[in-house]
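Asker: Take a look at this one; I'll ask things after.
Values quoted throughout were computed directly from the atomic coordinates according to the rules given, and no laboratory measurement underlies them. None of these values were measured; they are calculated from a predicted model. As a convention, Cβ positions derive from the backbone with ideal geometry for all residues, glycine included, and neighbour counts pool all protein chains shown.
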There are 2 protein chains.
Amino acid sequence: MTVVLNTEEKILLAAEEIFVLNGYDGSRMQAIADKANINKAMLHYYFRSKEKLFERIFEEKVLHFFPKIEEDMVHLNTFLEKADLFVERYIHLINQYPYIPFFVVNTINKPNSQGFIEKLPLSLKRSLLASLYADIEKGLIKDIQPFQFIMSLLGMCAFPYLMAPIFKHSFRFNDAEFSDLMILRIAELKRYIRFILLP
Amino acid sequence: MTVVLNTEEKILLAAEEIFVLNGYDGSRMQAIADKANINKAMLHYYFRSKEKLFERIFEEKVLHFFPKIEEDMVHLNTFLEKADLFVERYIHLINQYPYIPFFVVNTINKPNSQGFIEKLPLSLKRSLLASLYADIEKGLIKDIQPFQFIMSLLGMCAFPYLMAPIFKHSFRFNDAEFSDLMILRIAELKRYIRFILLP
DNA sequence: GTCTATAAAAAGATAGAC
DNA sequence: GTCTATCTTTTTATAGAC
């Protein structure tokens, strides 16, 4: 099945790749045009400016990923079930797009990132947090600090992708080996979560 | 005590601040010159090029931080003691320079980052890993995956700093409050480590 | 809508006077 | 060593023909 892309779609696809890999500052409009097989003038015709094109990409990527992770989570009862699903979904999804964590970190840590930060959906974090509070209340899990635990959970899932270039270099992993390692990591993290949370 | 800085020192101090905050691509030689209260020509007189100046800053920062964390760790016997010390040292140190994790992540994830990755000292990671293997062997700690655990340990310490803009925004923390939260995190992480590792 | 050509501005780097 | 002025290149953005 060959999909025929119109110019706008070609630009968006090319811009995504360039921006996600290089960040806003490191990306060149010329590079996007080359990858899309069109000329620079088209970029401005469709999106006016580099800034506007970037904003469009950021929104699309973010709004694409977060809901996918959250999907169906509301139907689960315990925090442990939700945490399990989060780990599975997150790692499987990011394994397909391993540059996303860096893209987000890169974007929100720049000066004047306020606008981008406000676009990030917070429902996932809030619902995990609420569920964690509730289960502590019920005595289902140990009396740990909910906010600190959520930061740990996110960090254990996302941090390896941010450090991937180091890990790959120092342990001689190629992309596939690193990806496999992250899949194995799912089961390991589920164990850690239980060790920490279960009374 | 007022320290009088010569031109080279003024440049290095200014370059550090600009590069650490904005990354290589986001930094401007003019901005460094302005902050150092000199003109652009001086930058090239002392360091030839932007690239060379950046390399100098990266090396200095990295070689400054890693050894500080590792100091005295070799004298500790068990992995648990080393992990405790790591968490304490890392969070206290990064609390003083909270932009360092982003600076490193930003630098190693760019295309052509190979040169910078090779400059990173690996002794810390290797010695933690070796110690972890040894203590599992001795039955002092559970049979977990050493590499996966080390990634988790690093992630639990460093990730919050990378996500700080989001956390600050969504929970209305100011810098001081976030810093305090990280100090409290030390004790919490030590608990998690024990839950995971101790039989 | 798409292209070529070009403007306009920014940014890294250097020449040369002092 | 330090400065001003300038060069060169890069990069974003636009004008105008088709």
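Asker: Does any residue of segment B:134-146 turn out to be under 20 Å from the mean Cα position of the chain (by Cα) and within 10 Å of chain A (Cβ to nearest Cβ)? Show your work before the answer.
Answerer: So in segment B:134-146, the residues under 20 Å from the mean Cα position of the chain (by Cα) come out as none.
Looking for residues that are under 20 Å from the mean Cα position of the chain (by Cα) and within 10 Å of chain A (Cβ to nearest Cβ), one finds none in segment B:134-146, hence no.
Asker: Run down B:I117, B:I94 and say which single residue is touching a His at 6+ places or on another chain (Cβ under 6 Å), surrounded by 13 or more Cβ atoms within 10 Å (Cβ to Cβ) and under 22 Å from A:A164 (Cβ atoms).
Answerer: Working: B:I94 fails: touching a His at 6+ places or on another chain (Cβ under 6 Å).
When all the criteria are applied, what remains is B:I117.
Asker: Give me the residue from segment A:14-58 that is more than 13 Å from DNA strand D (Cβ to nearest atom) and over 27 Å from B:S27 (Cα atoms) and, out of that set, nearest to the other protein chains (Cβ to nearest Cβ).
Answerer: The selected residue is A:A36.
Asker: Applying the selection to segment B:166-183, what residues are in a helix (DSSP H, G or I) and over 18 Å from A:F149 (Cβ atoms)?
Answerer: Step one: list which residues in segment B:166-183 are in a helix (DSSP H, G or I), which gives B:166-171, B:175-183.
Result: B:K168, B:H169, B:D175, B:A176, B:E177, B:S179.
Asker: Could you count how many residues in segment B:64-81 are touching a residue at least 24 places away in the same chain (Cβ under 8 Å) and not in a helix (DSSP H, G or I)? Even if it seems obvious, please write down each step before you answer.
Answerer: If we filter segment B:64-81 for residues that are touching a residue at least 24 places away in the same chain (Cβ under 8 Å), which is where we start, we get B:65-70, B:73-74, B:78-80.
Retained after the next criterion (residues that are not in a helix (DSSP H, G or I)): B:78.
Counting residues in segment B:64-81 that are touching a residue at least 24 places away in the same chain (Cβ under 8 Å) and not in a helix (DSSP H, G or I) gives 1.
Asker: Would you please name the residue that is farthest from the chain's Cα centre (by Cα), looking only at residues in segment B:25-63 that are buried (at least 20 other Cβ atoms within 10 Å of the Cβ) and in contact (Cβ under 8 Å) with a residue 40 or more places away in the chain?
Answerer: Here the answer is B:L53.
Asker: Do we find a residue being away from DNA strand C (no atom under 16 Å from the Cβ) and away from chain A (no Cβ under 12 Å) anywhere in segment B:100-121?
Answerer: No: segment B:100-121 contains no residue that is away from DNA strand C (no atom under 16 Å from the Cβ) and away from chain A (no Cβ under 12 Å).
Asker: Which residues, taken from segment A:147-162, are farther than 22 Å from B:F178 by Cβ and either facing another protein chain (nearest Cβ under 7 Å) or part of a loop (DSSP other than H, G, I, E, B) (or both)?
Answerer: A:P160
Asker: Could you grab me the full set of residues in segment A:169-193 that are among the polar types (S, T, N, Q) and either surrounded by 15 or more Cβ atoms within 10 Å (Cβ to Cβ) or at the interface with chain B (Cβ under 9 Å from one of its Cβ atoms) (or both)? It would help to see each step written out before you state the result.
Answerer: Residues of segment A:169-193 that are among the polar types (S, T, N, Q), as a first pass: A:170, A:174, A:179.
Those that are among the polar types (S, T, N, Q) and either surrounded by 15 or more Cβ atoms within 10 Å (Cβ to Cβ) or at the interface with chain B (Cβ under 9 Å from one of its Cβ atoms) (or both): A:S170, A:S179.
Asker: Out of all the residues in segment B:179-199, which are farther than 15 Å from A:L154 by Cβ, in contact with a helix residue (DSSP H, G or I) (Cβ under 7 Å, 6 or more places away or on another chain) and without any contact (Cβ under 8 Å) to a residue 60 or more places away in the chain?
Answerer: Matches in segment B:179-199: B:F195, B:I196.
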